[in-house]
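S.K.: One structure coming up, written as structure tokens, with questions to follow.
The values are calculated or read from the model by the stated rules, or taken from the named source; none is laboratory data. Because the structure is predicted, anything quoted here is derived from the model rather than measured. Don't worry about glycine lacking a Cβ; one is built from the backbone with ideal geometry, like all the others, and counts go over all protein chains shown. Remember, those area values only see protein heavy atoms, side chains included, never the ligands or the DNA or RNA. Shrake-Rupley method; radii C 1.70, N 1.55, O 1.52, S 1.80 Å.
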Amino acid sequence: RSSKFAGTRFLKRGSNCEGDVANEVETEQILYDASVMSFSAGSYSSYVQVRGSVPLYWSQDISTMMPKPPITLDQADPFAHVAALHFDQMLQRFGSPIIILNLVKEREKRKHERILSEELVAAVTYLNQFLPPEHAIIYIPWDMAKYTKSKLCNVLDRLNVIAESVVKKTGFFVNRPDSYCNVLRPDEKWNELGGCVISTGRLQTGVLRTNCVDCLDRTNTAQFMVGKCALAYQLYSLGLIDKPNLQFDTDAVRLFEELYEDHGDTLSLQYGGSQLVHRVKTYRKIAPWTQHSKDIMQTLSRYYSNAFSDADRQESINLFLGVFKPMEGKPHLWELPTDFYLHHKNTLSLSQTRRSYTYWWTTGVLKHLPLPFDEVTCAENRRKLTVKKFHKYEEEIDIHNEFFRPYELSSFDETFCLAMTNSTRDFMPKNMGIDPSPFTVRKPDETGKSVLGNKSNREETVLQRKTAASAPPPPSEEAVSSSSEDDSGTDKEEEGAVSQRSTPVKVTDAGDNTKITENVVQSTKDVYGVNLSDVPSEDDITIYAR
């Protein structure tokens, strides 16, 4: 989280005079193969993306006590000065291409969010005319709110298409060359992957910058979809899955969704005053009806926080980060009418140097693109290095070994911050043939309760699961009697005995089905040598006809 222009939602919007934007967060997902307990010899991969407010001079007046105050542009910026400062920072930190995914509304009855889109398009168009075409800023507008209301469009499918194109352009980081399993199981998408390929692995070049108005709900869902797409490539590069593709309703994606929602809740609590209102399940349209009442409560919590407590929180943040420094003879923090001049240094003194309107990037940045300028070895970067003296008798600390302690007997519960929620426990040991892999799709209705509670759909459910159990052997007289005695709704025949080649036949002792019962009894005696007349009668007996 950036500390340069930090604050609460309505009090910190847009950018300051140095190109630092509000609610700027750099999110890095790290995948580590812990089978080798050494950070230097192990395999690990990462993917980075960024969120942040629209890099313009804009604000919202909260004195009107409206849920959505009108958006106003504070300063005219025809040469996109503040946007140039911001994207210059991003080129130095991440390289190229810089991809902007703008999720604000495009069609509105009353112009509100569209003001930001029009100004951002003008700024990007102006800046791109001076950049080389291969390193131009890529702008992707998509009205996520409009498509969410549409019944004909699947929001996450469209986001998945955007995510695929983004990950192919930026690539990702992995610390080892392509695995041999990628040669054995080739995938056409792997050859189209961008980034920088080096002898020791791959590097990510460029970054995706996602924003909506608040950079909270819509942005978090979009970042989850991009991260999910990148995670599939990361797992494929380490040889853990066959194809660079992950499906919903798998244990791995459930855990990944929990990670991003916890991440979004943390950011939303600090910036907006409540947890996320719209989650991934909301955009998948599978959220339970109780979620709507929670959304209303979160919205009210945000409104209360923005109206009554954000001013005090903003003053605390200014004091904590050292933006305001108490001095004798100067006004106290609570006596200031505004903190505008604290975050905009150009209001205190005029700058002696003026940046070029055309060559808006730092000298030397374009020379090393697509690699980030901050990571290349050049004379200017060497000057930024701090040389520290190290005595040969001082103990060197390995942070990785300090945390994971590979040479000690440790518990997984203490090592990992989150535990994978394995949904296999919902229907095991009733169906031992189900694949326990975290990459196996498990539908929401595929739970132990729904499978065992609905006898009429049992055959269809078993076929959908594609179990690999073998056909059952001919049952003995003891087996038939034991199954009849314990058949009380839990159906013990499903404990590994069900197969796709066996057809359950239900026999009842109703009076109007006497002939059918006699025929089945006779056929059973001829095939299996079992006389059902010797078996104690029960309400429900299931036999397997091969």
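S.K.: Scanning for something under 22 Å from Ser165 (Cα atoms) and either open to solvent by 40 Å² or more (accessible area, probe 1.4 Å) or in a loop (DSSP other than H, G, I, E, B) (or both), does segment 114-123 turn up at least one residue?
M.R.: Taking every residue of segment 114-123 in turn, at least one turns out to be under 22 Å from Ser165 (Cα atoms) and either open to solvent by 40 Å² or more (accessible area, probe 1.4 Å) or in a loop (DSSP other than H, G, I, E, B) (or both).
Yes/no per residue for (1) open to solvent by 10 Å² or more (accessible area, probe 1.4 Å); (2) of a type outside the set (Asp, Glu); (3) part of a strand (DSSP E or B); (4) at pLDDT 90 or above:
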| residue | (1), (2), (3), (4) |
| --- | --- |
| Thr27 | yes, yes, yes, yes |
| Leu31 | yes, yes, yes, yes |
| Ser38 | yes, yes, no, no |
| Ser46 | yes, yes, yes, yes |
| Val50 | no, yes, yes, yes |
| Val54 | no, yes, no, yes |
| Leu85 | yes, yes, no, yes |
| Met90 | no, yes, no, yes |
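S.K.: I would also like to ask the following. For segment 221-249, give me each residue that is out of contact with any Pro (no Cβ under 9 Å at 6 or more places or on another chain), within 29 Å of Leu184 (Cβ to Cβ), among the small types (Gly, Ala, Ser) and open to solvent by less than 10 Å² (accessible area, probe 1.4 Å).
M.R.: Gly227, Ala230
S.K.: Same structure again: Search segment 190-219 for residues that are charged (D, E, K, R) and pair each with any residue that is open to solvent by less than 20 Å² (accessible area, probe 1.4 Å) and part of a strand (DSSP E or B) when their beta-carbon atoms are under 6 Å apart and the residues are at least 6 apart or on different chains.
M.R.: Close Cβ pairs (under 6 Å, with a partner that is open to solvent by less than 20 Å² (accessible area, probe 1.4 Å) and part of a strand (DSSP E or B)) amount to Arg202/Val174; Arg209/Val50; Arg209/Ile100.
S.K.: Now for a separate question. Do you know which residues across segment 57-82 are within 16 Å of His344 (Cβ to Cβ) and open to solvent by less than 10 Å² (accessible area, probe 1.4 Å)?
M.R.: Trp58, Val82
S.K.: Pick out, from segment 128-220, the strands (runs of 3 or more DSSP E) lying fully within it that include 2 or more residues that are touching a helix residue (DSSP H, G or I) at 6+ places or on another chain (Cβ under 6 Å), open to solvent by less than 60 Å² (accessible area, probe 1.4 Å) and within 30 Å of Gln270 (Cβ to Cβ).
M.R.: 207-211
S.K.: If you don't mind, there's one more thing I want to ask. Cβ-Cβ distance below 6 Å, separation of 6 or more or different chains: which pairs start in segment 268-288 with a residue that is over 30 Å from Ser316 (Cα atoms) and end on one that is surrounded by 22 or more Cβ atoms within 10 Å (Cβ to Cβ) and modelled with pLDDT of 85 or more?
M.R.: Taking only residues 6 or more apart or on different chains, the pairs are Val280/Thr221; Val280/Phe224; Tyr283/Val155; Tyr283/Thr221.
S.K.: Out of segment 250-266, which residues are open to solvent by 10 Å² or more (accessible area, probe 1.4 Å) and out of contact with any Lys or Arg (no Cβ under 7 Å at 6 or more places or on another chain)? Full working, then the answer.
M.R.: Initially, segment 250-266 is screened for residues open to solvent by 10 Å² or more (accessible area, probe 1.4 Å), giving 252, 254-263, 265-266.
Listed by number, the residues that qualify are Ala252, Arg254, Leu255, Glu257, Glu258, Leu259, Tyr260, Asp262, His263, Asp265, Thr266.
S.K.: Kindly indicate which of Gln298, Gln314, Gln291 is modelled with pLDDT of 85 or more and open to solvent by less than 50 Å² (accessible area, probe 1.4 Å). It would help to see each step written out before you state the result.
M.R.: Numbers: Gln298 fails: modelled with pLDDT of 85 or more; Gln291 fails: modelled with pLDDT of 85 or more.
Within the list Gln298, Gln314, Gln291, the selection yields Gln314.
Matching residues to (1) under 34 Å from the mean Cα position of the chain (by Cα); (2) open to solvent by 50 Å² or more (accessible area, probe 1.4 Å); (3) touching a residue at least 12 places away in the same chain (Cβ under 8 Å):
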position: Gly322; (1), (2), (3): yes, no, no
position: Asp339; (1), (2), (3): no, no, yes
position: Tyr359; (1), (2), (3): no, yes, yes
position: Leu369; (1), (2), (3): yes, no, yes
position: Phe373; (1), (2), (3): yes, no, yes
